[in-house]
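Below is one structure; the comments refer to it alone.
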Amino acid sequence: MPGITRPALSVAASKAPSQPAKTLSANENLDWHPTSWRSKQLDQDIVYPDEGKLYQALSKINRLPGLVTPAEIERAREDYARGARGEAFFIHGGDCAEAFDECNEEHISAQLRVLLQMSLVIFLGAKIPIVRVGRIAGQYAKPRSKLTEVVDGREYPSFRGDSVNGVALHDRQPNPERLLAAHFHSSLTLNYLRSLNCEQRIFHAAIGELDFHAESIVDDVLRLNAYKFHARIEDVMLASARQGDASAVKSLERLQEAVGSEMLWTSHEALNIPVEEASIRTVLHASTGDLRHYNTSAHMLWIGERTRQLEGAHVEFMRGIRNPIGCKVGPSMQPAELVELLDKLDPHFEDGRVTLITRLGVDNVERFLPALINAVQKSGHCPLWLCDPCHGNGKTTSTGVKTRDFADMFGEIEKCISVHGALGNPLGGLHLELTGDKVTECTGGCIPLAEDGLGAAYKTLCDPRLNAEQSLHLALLVSRRLEGDNLHSHLVSTANPAAKFVPSTPAA
Ligand SMILES: O=C[C@H](O)[C@H](O)COP(=O)(O)O
Ligand SMILES: C=C(OP(=O)(O)O)C(=O)O
Ligand SMILES: [Mn+2]
């Protein structure tokens, strides 16, 4: 569907100078402005019936404190640069679409806990620091394959995320008040995350719970592996205690440092550009004289597969912000197009400025990924490469339920690890739709969930998520794979639900 050209609503512009200062360094985008996207085609546009109310909501967001600070964004950039150079592994995950109704302590701590647990498990295989990034505290706007749907012969706008409209058919008109509600829900989520991050308790609980998971899961392999990993965490603690500080708490803190930064960086898809524009704060950098434009709605933002057109509004907006930025890369991306995109988004060739999130589908990785990697290697850009094994492996069951199979997801990750490894370009991490909650949305995994079991706790507002046990199982397999073990042939899939998962001999 063709996008529209936005009228000149001026929100962020009120805080940013209309012309760049004369003393700009080479690092500045001279032809960029927080509003320059408005003259470009905006795909997946959200059309509000009342532009006046939209303007009021955007200017309120512009006046409210940002959710994150420029200093944090600078620290996140350093983590992304490390990841791009192969010095850290990223676990980027969370809900497909956050829900206002799930903005509660249980859901938020479950998200943080599962990401921490996955980090610990993958750290023990990859043996490099792990950086965690949540699809959290702002993942409230969705692109859709079809912008309308027909129910009982009547056409309605599709559900576009809680910041836009409601799931209920009577609530499908985009409502600008939801933008403010999203800002406040994001703020509460982030506030709670910051409190949890400050507490050692969540880290201890996450380790302790690896055993709990092992107890609660009937599958032999997960139980064995989780115990083994728990024992190895203790080994690492003992070793670091031996090296100096005798105190176990001290060594636990060291392990925490080794696993990665304490902060969970926040992220969401930058889909609704007017509200992203309203979140910009422009800062004059004292030592370089650069004007830096920080999008304070999240630490990291990404461009979706449906809105990554080279000449489109989303790419135009994103190229000017200082935050680490990402772009989804689907099977239609051409190698030359990818390099052109990087030239736009990363004109100064900065390590980790861009994260490429490939989502090719298990059967497409070997066909498309090598040429994409080769082209990027030749271009001189140094992006962080993540594998999103979710969005290329979607299926709809015969009863119309959206799902994904665990074996396809691990299959895509394995192939990405192999292709990246063969080209001397190690995979930098994973991008996953997951939840710490006990949902039944994806098939397969350690408790082989079949299609007829999906109805038990199918709660997602958009795409199916891995549940806590599936997420941990995936982390165990990835950890072993990064260590050199190949467990893929043992995977239980719904294609063969009776298959027994035979444990491999625990490594010494
Ligand atoms: O999260 C990603 C997209 O928004 C989602 O896959 C689109 O789903 P749809 O094909 O049901 O619109
Ligand atoms: C919309 C998403 O993915 P993609 O743009 O890759 O389809 C998503 O990550 O939720
Ligand atoms: Mn999704």
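Read the figures in this text as sums done on the coordinates, not as results from a lab. Small disclaimer: the values here were computed from a predicted structure and weren't measured. Backbone-built Cβ (ideal geometry, glycine too); neighbour counts: all protein chains shown.
I'd like the Karplus ³J(HN,Hα) series for the stretch 154-163: coefficients 6.51, -1.76, 1.60, θ = phi - 60°, whole numbers in Hz, and an x wherever there's a Gly or Pro.
10, 8, 10, x, 5, 5, 10, x, 5, 7
If I model a spin label as a point 7 Å beyond the Cα along the Cα-Cβ vector, how far apart are those points for Glu105 and Val151 in nm?
3.4
Would you list Cys103, Cys390 from fewest to most Cβ contacts within 10 Å?
Cys103, Cys390
Can you sort Lys344, Lys415 so the residue with the fewest Cβ neighbours within 10 Å comes first?
Lys344, Lys415
Per-residue HN-Hα couplings for the stretch 357-368, Karplus 6.51 cos²θ - 1.76 cosθ + 1.60 at θ = phi - 60°, whole Hz, x for Gly and Pro?
My calculation for the stretch 357-368 gives 10, 6, 9, 8, x, 4, 7, 10, 4, 5, 6, 10 Hz in order.
So how strong a dipole does the stretch 266-380 carry about its Cα centre when Lys and Arg Cβ are +1 and Asp and Glu Cβ are -1, to the nearest 20 debye?
Roughly 140 debye, rounded to the nearest 20.
Read phi for every residue in the stretch 184-191 and hand back ³J(HN,Hα) as whole Hz from Karplus 6.51 cos²θ - 1.76 cosθ + 1.60, θ = phi - 60°, with x for Gly and Pro.
Result, ordered by residue: 6, 5, 5, 5, 5, 4, 5, 4 Hz.
Neighbour counts of other C-beta atoms within 10 Å: give me Phe349, Phe89 arranged from fewest to most.
If I rank by nearby Cβ atoms, fewest first, I get Phe349, Phe89.
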